[in-house]
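The values are calculated or read from the model by the stated rules, or taken from the named source; none is laboratory data. Since the structure is predicted, the reported quantities are computational estimates derived from the model, not experimental observations. Please note: Cβ atoms are built from the backbone with ideal geometry, for glycine as well, and neighbour counts cover all protein chains shown. Calculation scope for accessible area: heavy atoms of the full protein, side chains included, ligands and nucleic acids excluded. Shrake-Rupley method; radii C 1.70, N 1.55, O 1.52, S 1.80 Å.
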Amino acid sequence: MMKRILLLAALLGAALIPAAAAKTAATTNVSITAAGFVSKNISVAAGDTVKWTNGDTKNHQVACAKCKFTSPVLTPTQTYSYTFTTAGKFAITDVLSNIKGTVTVTAPKVSLTIAATPHTIKYLATTAVSGTVSSTNANQKVTLLEQTCGTGKFTNAANTQTATGGTYSMTRTPTMNTAYQAQVGNSTSAHAAVNVVPSLHLAKIGRHKFRVSVKAATSANSFVGKSVLFQRHKSSGRWVTVKSVTLTRAQALGTTTMTTGTFKAKVRRHARVRARLTLTQASPCYISARSNNVKS
């Protein structure tokens, strides 16, 4: 028990590391000499500060037309600092001696969370895919990527913008097992998997005669040749399998395929019966399913 508690604590501690190790703003120092800026061309991240120090014996004055700043006249050893908040490439000049340089500002890399609620749905039901962007800014473009069963790759599914606090949410109707990722710029989230339960229905169509049907996406393989378990309910509360039924016929219903099987089974009158599709038979694009209960 103690080992399990220690392992859980370690996992929780590991989960908190990214937040604690979030990048803090940095300061880059540039010296102004008679020969020019040292370093002449620098790269920083948005939110970082550049500090110019007059290392010469003459006065200098730093300016950036695109940034719209001009420092005071800097006498020897004096400094001037500016924080860059916007990504881009900015020309820096010394207006007193025509020294030139550049500051390239890169957008900060963000992290994204993602979750699907619920993560298991019935066929044609919806799930909400939501999360938060670490920058917490509103109006950021979020692209939702999806990988449906059998495709082998992620493709663009939808776009939205973040709300206040950097949150986002999109409603999706995956028709088979699907994984989702969120993307902002070059940053992508982890995967959020949604499992889909096919629609399984049992009907009594005559004395000791039943029909079972499975509805799933047309783009997935039909269930012809797959089998379902016909089960009855015992007084003890357990469900026991009476027989295995092979699905034999597929019918297209728009974007849905219905696969059916008709069979006979002798069970006592008024017994509660159902059908069950196991995970083995539902794989790879669906998970196990149970039908409605009917009376024999």
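Some notes on this structure:
- Couplings for the range 46-52, taken from phi via the Karplus curve 6.51 cos²θ - 1.76 cosθ + 1.60 with θ = phi - 60°, read 4, x, 7, 10, 10, 10, 9 Hz in order; Gly and Pro are left as x.
- Computed over the Cα atoms of the range 85-237, the ratio of the radius of gyration to the Kirkwood radius (Rg/Rh) comes to 1.29.
- Charging the Cβ of each Asp and Glu at -1 and of each Lys and Arg at +1, and nothing else, the dipole of the chain about its Cα centre rounds to 3120 debye.
- Area accessible to solvent at Thr155, 1.4 Å probe radius, in Å²: 60
- Whether the range 43-142 is rounded, prolate or oblate, judged on the alpha carbon gyration tensor where a/c under 1.5 counts as rounded: prolate
- Sorted into 5 angstrom bins from 0, the C-alpha pair distances of the range 72-131 split as 4, 11, 12, 13, 9, 7, 6, 6, 6, 6, 6, 5, 4, 3, 1 percent.
- Student exercise, the range 50-166 dipole from Lys, Arg, Asp, Glu Cβ charges, in Debye to nearest 20: 120
- Projected onto their three principal axes, the Cα atoms of the range 41-80 cover extents of 31, 17, 16 Å, largest first.
- Of Ile121, Thr57, Gly36, farthest towards positive along the dipole that unit charges on Lys, Arg, Asp, Glu beta carbons give the range 32-141: Ile121
- Radius of gyration over Kirkwood radius for the range 189-296, both on Cα atoms: the Rg/Rh ratio is 1.02.
- Normalised by 2.2 N^0.38 Å, where N counts its residues, the alpha-carbon radius of gyration of the range 200-239 equals 1.50.
- The smallest convex shape that holds all Cα atoms of the chain, its convex hull, gives 192 Å³ per residue.
- Area accessible to solvent at Val110, 1.4 Å probe radius, in Å²: 20
- With every protein chain in place, the chain: carbon and sulfur % of accessible area (1.4 Å): 53
- With Cα atoms, 0 to 90° folded angle of helix 2-20 axis to the chain main axis: 50
- Options Met258, Tyr168, Trp239, ranked by Cα towards positive dipole end of the range 162-296, top entry (Cβ charges): Trp239
- Ranked by solvent-accessible area (1.4 Å probe, protein heavy atoms only, all chains present), the residues Arg232, Arg274 order from largest to smallest as Arg232, Arg274.
- With all protein chains in place and ligands, DNA and RNA left out, the 1.4 Å accessible area ranks Ile92, Ile287 as Ile287, Ile92, largest first.
- Accessible area (Å², per residue) of the chain, counting only protein heavy atoms and a probe of 1.4 Å: 57
- Over all other residues within a Cβ to Cβ distance under 12 Å of Thr260, the charged ones net out to +4, with Lys and Arg as +1 and Asp and Glu as -1.
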